[in-house]
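J.: Just dropping this structure here.
The values are calculated or read from the model by the stated rules, or taken from the named source; none is laboratory data. This is a predicted model, so every value here is computed, not measured. Note that each Cβ is placed from the backbone with ideal geometry, even for glycine, and that neighbours are counted across all protein chains shown.
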Amino acid sequence: MKILITNDDGYKARGLEALIEIMRPFGEITVVAPKYHQSGMSMAISLGFKRIAVKQTAPGRWYLDGTPASCVKFGIDNILLGDKRPDVVVCGINHGSNAATASLYSGTLGAAQEAAVNGIVGIGVSLDDFSPEGDFSAVKALFPGIFSKIMEENPRRKGVYYNINFPKASLEDIKGIKVAGLGEIHWEEEYQAFDPDIYRKRGIYLQDMGIFNMEEPEEGEELYMMTGYPVENPGNNDMCDHRLLKEGYVAIVAHNIYNQDHQESERLRSLQVEDLHKK
C-alpha cells in the first residue's frame, strides 16, 4: 500500500510523528507536511505569485511552505507519479478536535478532501488535546484497527472522506468507537484584541505560523485575532460527533465533498426558475 501523510500543525509536530509510526506497518510512506502551522485553512491552496518553498528533510519526507491541501497536491503531482500514486492520504494526528462544524474549517480535513477530489481515500485523524505534548497512546492502540476496517474492501465511492476524532483519554477510559453524525456548533466572540499569549498557553508561538517580523499597524488600525469559543446549535442529538467525543468515545464521521442539496434543487425547479429567461 502506498500512503501519503500530511497534517496542518507543521512538519515538526509530534502528532505527525505519531501517525508515521502508526502507519509504517501498512505500507510505503511518503510525507509532505506544511513548513508552518496551517490550522483553519480548510481546502485553501497556495495560488498566484506566492513562491512555494519545498525541502526534502529526510528520505521520503518533505516540507512545503503552503497549505495542507497544497501538500497533497504537490505529493500527488510532483512526487508520487505514475505507479507511485498513493492508495490513501492520512492527515494528522491533529492537535485538537475537528468534530462537528469545526470540520468545515479544518486544514486536516481540507487535506482529506483534496485526496477525495483526486479519487483517493482521505482520512483525517484528530486528538481532542491542543497540547503539543499530547498523549497519542490511545490513537496508536485503536487507529490501526479502524484504518484496516475503512480500507477493507473499500468501495472507493466518489467523494468520500473520513473524519476520526479521539477523546483526550487513556485507552482504558475510552468507552468505545461510534460511527457518528456531524454535530452542529458555531463560535461566538470570535475576534478579540490581538494577544499572542492566548495561543502561547497552548504551546503555539508566532514563529510556528511563519511569523517572524510584526509590522507596526498603520495609523487608525486596530489589531484583532481569531479565538472565540464553541456553542451548540439547536437540533443536536446524542449521536453527534462532538457529544460522543465529550463522553469519551472515538467518533467517526463519513463525509462527502459532493454536498449538493438535491431536495433544494428540486424545489427550485418546481418554482420554474429555469423558465425565467423565457419571460
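J.: Out of 117, 88, I need the residue that is closer than 20 Å to residue 182 by Cβ and surrounded by fewer than 24 Cβ atoms within 10 Å (Cβ to Cβ). Which one?
T.: 117
J.: Here is a further query. Does at least one position in segment 267-276 carry a residue that is outside any helix (DSSP H, G or I), over 21 Å from the mean Cα position of the chain (by Cα) and either in the same structural domain as residue 136 (by TED's automatic domain parsing) or over 30 Å from residue 149 (Cα atoms) (or both)?
T.: yes
J.: Let me ask something else about it. Could you please tell me which pairs satisfy a Cβ distance under 8 Å, a separation of 6+ or placement on different chains, a first residue in segment 193-206 that is more than 15 Å from residue 96 (Cα to Cα) and surrounded by 12 or more Cβ atoms within 10 Å (Cβ to Cβ), and a second residue that is at pLDDT 85 or above and among the aromatic types (Phe, Trp, Tyr)?
T.: Final answer for the pair search is 194/224.
J.: Starting from segment 29-44, keep only residues that are farther than 27 Å from residue 101 by Cβ, then list their pairs with residues that are surrounded by fewer than 20 Cβ atoms within 10 Å (Cβ to Cβ) and of a type in the set (Gly, Ala, Ser) whose Cβ atoms are within a distance under 6 Å, requiring at least 6 positions of separation or different chains.
T.: What qualifies is 30/60.
J.: Only one residue in 76, 150, 93 is touching a helix residue (DSSP H, G or I) at 6+ places or on another chain (Cβ under 7 Å) and at pLDDT 95 or above. Which one?
T.: Values: 76 fails: touching a helix residue (DSSP H, G or I) at 6+ places or on another chain (Cβ under 7 Å); 150 fails: touching a helix residue (DSSP H, G or I) at 6+ places or on another chain (Cβ under 7 Å).
None of the others qualify; the one that does is 93.
J.: Hey, another quick one. Say whether the condition of being closer than 20 Å to residue 161 by Cβ, in the same structural domain as residue 176 (by TED's automatic domain parsing) and of a type in the set (Phe, Trp, Tyr) is met by at least one residue in segment 230-252.
T.: The answer is no; no qualifying residue exists.
J.: Looking at residue 82, is it at pLDDT below 95 and either surrounded by fewer than 24 Cβ atoms within 10 Å (Cβ to Cβ) or closer than 19 Å to residue 179 by Cα (or both)? Before the answer, list the steps.
T.: Details: at pLDDT below 95: yes; either surrounded by fewer than 24 Cβ atoms within 10 Å (Cβ to Cβ) or closer than 19 Å to residue 179 by Cα (or both): yes.
Taking the combined requirement at face value, the residue satisfies it.
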